[in-house]
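**Q** Here you go, one structure.
Every number here is computed from the coordinates shown, using simple stated rules; none is lab data. Predicted model, so just to flag it, every value in this text is computed and none were measured.
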Amino acid sequence: MTDAPPVTAQQLHATGLVRTYGTGPRAVHALRGVDLVARPGELVVVRGRSGSGKTTLLHALGGLEPLDAGTVRLGDTEVSALPERELLRLRRERVAYVFQSFGLLPVLSAAENVEVPLRLRGVGAAERSGRVAAALDAVGLTPHARQRPGELSGGQQQRVAVARALVTRPTLLLADEPTAQLDSETAVAVMEVLVALVRTGSTAAVVTTHDPLIAERADRVLELHSGRLT
C-alpha cells in the first residue's frame, strides 16, 4: 500500500481497487484492494508474473475496465464514476496508452496514426504537423512516416504507438510492456523518450515491465502478486 498525500491537480490516486472475473471456486481475483498513487513528474513501474493482474490494473486506472469496488481519481475527477461519454472525453484529452497490441489503424500511415489523437482534440493542422514530426523523430521513425503498419516490423509498430502517446502530452501515461518487442538499443532510446516526457513534470506514468532498464529509472517499483500490490 502506498501513502496517500493530498491530491494535486493532476495526481492519480487509486484506492481499494477490486476486480474479479467469474464466480465461485473458478473466480479469478485480478485486483484485491489495490491502492496506488502516481504524481506528476513521477514514473511508477509495476512488475509481476503473467496473470498477476498488471494489464487489468492499467485498464482500471484509465477507465477501460469496470471495477467491482474502489475508486480512481485523476486530480479532482473521479474516473471510476464517469459516464461513458465523459470517459471517452477523459481518454481523448488527458490519458495516453501504450499497449502491447499497438492499436494502430492499418489503412493509415505511421504519421497519420500518430496524428489521430490530435485530430480528435481539434488541434490545428500546422501544430499537428509539427508535433507529429517531433514525436516520430523522438522514436527514430522519421524515415518511416509514410509507411503503413503492415509495412513496419513489430518493433517499429510499437514505436509508432509510443509516438502516438507522446504527441498528446498527456496528464497520465499508461504503458504495458512498452519495450517488450524492441531490440536493446531501440528499447533504451524509447525508454529515454518516456522518461523525458515524465520529467517535464506534467505527466504521471504507470508502466508495467520486466525490463530492468526501465525499472532502474523509475521513482518507485511495485510488485503485483495475486492481485495485491507490494
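**Q** Can you give me the pair-distance distribution of the range 91-230, C-alpha pairs, 10 Å bins, whole percents?
**A** Going out from 0 Å in 10 Å bins, the range 91-230 shows 12, 44, 33, 9, 1 percent.
**Q** Between 0 and 90 degrees, rounded to the nearest ten: what's the tilt of helix 184-199 against the longest Cα principal axis of the chain?
**A** Helix 184-199 sits roughly 70 degrees off the main axis of the chain.
**Q** Amide H of residue 222: which non-local residues (sequence gap of 5 or more, or other chain) have their own amide H closer than 5 Å, using H built in the peptide plane?
**A** Distant-sequence amide H within range of residue 222: 45, 46, 47.
**Q** Mind checking the angle between helix 125-138 and the chain's longest principal axis? C-alpha axes, 0 to 90 degrees, to the nearest 10.
**A** The angle comes out near 80 degrees.
**Q** Sticking with this structure for a sec: Say we join alpha carbon atoms closer than 10 Å with springs in a Gaussian network model of the chain; which of 77, 203, 23 then has the biggest fluctuation?
**A** With Cα springs under 10 Å in the chain, the top fluctuation among 77, 203, 23 is at 23.
**Q** If one takes the longest principal axis of the Cα atoms in the chain, at what angle in degrees, from 0 to 90 and to the nearest 10, does the Cα axis of helix 84-93 lie?
**A** Long axis of 84-93 versus the principal axis of the chain: about 50 degrees.
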